[in-house]
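Written below as structure tokens is the structure these notes are about.
The values are calculated or read from the model by the stated rules, or taken from the named source; none is laboratory data. It should be emphasised that the depicted structure is a prediction, and the values quoted were computed from it without experimental measurement. Note that we place each Cβ from the backbone using ideal geometry, even for glycine, and neighbour counts take in every protein chain shown.
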Amino acid sequence: MKKIILIATVIAATFSLSACVSTRTSGSVYRPYQTQNEMTVRMGVVDSVREVTIDGGRSGVGTLTGAALGGLAGSSVGGGRGSTATGIVGAVVGGIIGNNVESNANVRKGFEITVRLDNGELKAITQDADETFRPGDRVRLLSDRRTTRVTH
């Protein structure tokens, strides 16, 4: 019973931690440091749009959680040295599975949007594919010191 409670606690902690990791580069999502700051607005026309993959990387949470759960599950099989060996194998397999789950969860579809500004300059911005852009669309580029986003 204690192992079941421990496993449930580890799973709950994993979901809590994974909710904290956000690497969204959307035109519609603002981080707290981006609010109440003046942004420069430039107008332009979409020159081209290219689909890209945005890879948010890995924090290690998936690997560690998978290894912990796999180790716990493996060590509950057998007794003595057998449970130690199955615990080690479970930790390795769980770590691999956890790494793959986290990797797949952090990959998302994006757009590289090339915009011809009214002054003739070309700018390319990559962001989440949460808004549709087509060549010829009139758009705004909103920029602060860190981020530029394209919006309609």
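Here is a check on your reading of the model: is Ile96 closer than 30 Å to Asp137 by Cα, at pLDDT 75 or above and among the hydrophobic types (A, V, I, L, M, F, W, C)?
On the way: closer than 30 Å to Asp137 by Cα: no; at pLDDT 75 or above: yes; among the hydrophobic types (A, V, I, L, M, F, W, C): yes.
In short, no.
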Next on the checklist: Looking at Asp128, Asp118 in this structure, which one is at pLDDT below 95 and of a type in the set (Asp, Glu)?
Outcome noted: Asp128
Checklist outcome for this item: The number of residues in the stretch 51-63 that are modelled with pLDDT of 75 or more and in contact with a Gly (Cβ under 9 Å, 6 or more places away or on another chain) is 4
Item to check | Top-ranked residue of the stretch 112-135 - restricted to ones that are among the acidic types (Asp, Glu) and in a loop (DSSP other than H, G, I, E, B), ranked as nearest to Met43 (Cα to Cα) | outcome: Asp118
